[in-house]
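Rule-based calculations on the coordinates, nothing more; no lab input. Keep in mind the model is a prediction, meaning the values are calculated, not measured. When we count neighbours, we look across all protein chains shown, and the Cβ atoms used for this are built from the backbone with ideal geometry, even at glycine.
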There are 2 protein chains.
Amino acid sequence: MANPTSSLRLSPVDLDEKIKLGSKAARIESSLDKTELEAATATLLARLSELQDAFHADGRHALLLVLQGRDASGKDGVIKTVYGAFNPTGVHVAAFGPPTPLELRHDFLWRAHQVVPPRGMIGVFNRSHYEDVLAVRVRELVPEPVWRARYDHINTFERMLTDSGVIIRKCMLHVSREEQHDRLKARLDDPTKNWKFRLEDLKDRDRWDAYTDAYREMLERCSTPWAPWYVVPSDDKAVRNHLIARMLVETLESTKSAYPPMDEAVRAAAKGFA
Amino acid sequence: MANPTSSLRLSPVDLDEKIKLGSKAARIESSLDKTELEAATATLLARLSELQDAFHADGRHALLLVLQGRDASGKDGVIKTVYGAFNPTGVHVAAFGPPTPLELRHDFLWRAHQVVPPRGMIGVFNRSHYEDVLAVRVRELVPEPVWRARYDHINTFERMLTDSGVIIRKCMLHVSREEQHDRLKARLDDPTKNWKFRLEDLKDRDRWDAYTDAYREMLERCSTPWAPWYVVPSDDKAVRNHLIARMLVETLESTKSAYPPMDEAVRAAAKGFA
């Protein structure tokens, strides 16, 4: 019997084709209903937890997931649901807000570098150094030659991390303009969420096309063999979580992590431990 | 109908009585069987997740849980199960291993201070600055006048943190010598766990009574009104998790966290958002 979820799999962006960032690309067909899909995702999440233990023990690699996406695209939701499956001891979440005065006095990669997960750990960036070619570009916070030079800086930085054992996966959560509208509207009406809004967040909706251009160039310039970008259809939250959980399972499985052998001195001492 | 779990509640150590750290104190009677207890705990864990959201939004306090206990007393298990219930975005886990050469060149509180959770965050120390009056004392790593001065330093440090909005709760996971034996034996036979052992861990079992003295003095000297110590009967893992989850629920509820109001400029802008 064919795996009914086999079509639900992410592929890195294909640099030979124009990257689709329209409304249609924000949805993907699934032959499963929501209940079936969430059950399949629960299996993936249990597997993630299992894989994490050996990954942590093995200690050869770190895993870093970079999450980017427009407001309300689901970055927090992915962390809560997918990263919620991991043992908190081995997880590090870094959220990137507007840079502090100290951060602004440093190069743009400085604050990202500080929170790269060490080997054995599974990290996630909620926004990242990519804001420096996204919001910074669209809001014209630095001159074009400055942000334009950053694509190469990012690629070499990520190459260096990869050479040091960090496995990098990057997901752009892609929502349609209509879906974002509905989610923002719901949030504005929800007192447990509307306190978080900044005026600038709403203004960004008026810059939709400028952001689309910035996302496209980011994907084209910075999806590399060592640190691929995935465009995640995110209008449906259950599909989004499933796709990311599956990609992470496959990534962790590919490391073939193994438990280290027992220390010889401990082995000898353990013999006397009846 | 009385709450069947009402007897399962932690109280801070009672400084008017001699603290019991024998085998009997490692167990507590529960009228619930394991399935009922785990169901009751699941309810508490769901409540924790709910309380965390408002706690994070409110941002007036941080929560710091300090976990201490002998090897195999269940510190990792508490983090995995109880802290696993929280949204990873708002959690920070700090594990304290043997100090690095740099840490040894600093005062003993330096490394702890760096990982105190900021307001809005829920942190946990897996071992802590208390190792400096426990392992350091028992293994005679510094002269007695040095470690003896530390109780007061710890109390004033924790007082300062409390004054800055950090809510501190401290749990000593108390296992009996028999239960520890069984857990260590099982771990030594388990290839997914036995690689973690250090010879020193096994030797610590021969120093059982010296550790008991060190724990007792720590509890007596450092259980304060602002940062109480709880002795958690931990021979039964389900009971242990229930007790800690319940204490955390009560602690978070006591903060009466509330969501901040919506920004007025956003409220005005939102009116035009149909």
Output ³J(HN,Hα) for the stretch A:107-118: one whole-Hz value per residue in order, computed from phi by the Karplus curve 6.51 cos²θ - 1.76 cosθ + 1.60 with θ = phi - 60°, and x for Gly and Pro.
4, 6, 8, 4, 6, 5, 4, 4, 10, 5, x, x
For the stretch B:66-128, just say rounded, prolate or oblate: build the C-alpha gyration tensor, square-root its eigenvalues into a ≥ b ≥ c, call rounded for a/c under 1.5, and beyond that prolate if a/b exceeds b/c, oblate if not.
oblate
Output row for A:Asp206: copy-to-copy label distances, label 7 Å along Cα→C-beta, ascending, in nanometres, one decimal, is 7.6
How big is the shadow of the Cα convex hull of chain B, averaged over all directions, in nm²?
19.2 nm²
Before anything else, pin down the relative contact order of the stretch A:97-181: Cα pairs under 8 Å, at least 6 apart, normalised by residue count, whole percent.
23 percent
Note the full-extension length gain between A:Lys237 and A:His153 as 0.36 nm times their separation in residues minus their Cα-Cα distance, in nm to one decimal.
27.0 nm
Take every residue in peptide A:74-87, count the Cβ atoms of other chains within 10 Å of its Cβ, and give the average of those counts.
3
Average beta carbon contacts from partner chains per residue of A:49-55, 10 Å cutoff:
1
Peptides A:191-197, A:95-101, A:167-173, B:57-63 ordered by average Cβ neighbours within 10 Å, highest first
A:167-173, B:57-63, A:191-197, A:95-101
C-alpha center-to-center spacing [the stretch A:126-202, the stretch A:9-43] in angstrom
20 Å
With a 10 Å radius around each residue's Cβ, average the other Cβ atoms per peptide and rank B:254-260, A:11-17, A:239-245, highest first.
A:239-245, B:254-260, A:11-17
What does DSSP give for chain B in terms of the percent of beta bridges that are antiparallel, rounded to the nearest 5?
5 percent
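In the structure shown, do any of B:Lys80/B:Lys185; B:Lys20/B:Lys237; A:Lys271/B:Lys193; A:Lys75/B:Lys193; A:Lys193/B:Lys75; A:Lys24/A:Lys185 have a Cα-Cα gap over 23 Å, and if so which?
Too far apart for the 23 Å limit: A:Lys75/B:Lys193; A:Lys193/B:Lys75.
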May I ask you to report, in nm to one decimal and beginning with the shortest, the distances from B:Leu102 to the same position in the other copies, taking label points 7 Å along Cα-to-Cβ?
1.4
What shape does the stretch B:127-183 take by its C-alpha gyration tensor, where a ≥ b ≥ c are the square roots of the eigenvalues and a/c under 1.5 counts as rounded, a/b above b/c as prolate, and the rest as oblate?
oblate
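Ranking B:Tyr215, B:Tyr83 by Cβ neighbours within 10 Å, fewest first, what do you get?
B:Tyr215, B:Tyr83
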For A:Trp226, which inter-copy label distances result when the label point lies 7 Å beyond Cα on the Cα-to-Cβ vector, reported in nm to one decimal and in ascending order?
4.9
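Give the Rg/Rh ratio for the protein assembly as shown, taking Rg as the radius of gyration of the Cα atoms and Rh as the Kirkwood radius, to two decimals.
Expressed as Rg/Rh, it is 0.98.
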The relative contact order of the stretch A:24-254, taking Cα pairs under 8 Å that sit 6 or more residues apart, comes to a percentage of 35 percent
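Note the full-extension length gain between A:Glu17 and A:Asp190 as 0.36 nm times their separation in residues minus their Cα-Cα distance, in nm to one decimal.
Extra length available between A:Glu17 and A:Asp190 comes to 58.3 nm.
Length gain on complete extension for the stretch A:Glu200 to A:Asp213, per 0.36 nm per residue less the alpha carbon to alpha carbon distance?
Values: separation 13, 0.36 × 13 = 4.68 nm, distance 1.88 nm.
Using 0.36 nm per residue and subtracting the Cα-Cα distance, I get 2.8 nm.
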Taking the rotation that carries B onto A, look along its axis and tell me which residue of B has the beta carbon nearest to it, distance in whole angstrom.
B:Pro88, 3
If you place +1 on the Cβ of every Lys and Arg, -1 on the Cβ of every Asp and Glu, and leave all else neutral, what size is the dipole of chain B about its Cα centre, to the nearest 20 Debye?
300 debye
Shape verdict for the stretch B:50-192, please, from the Cα gyration tensor: rounded (a/c under 1.5), prolate (a/b greater than b/c) or oblate.
oblate
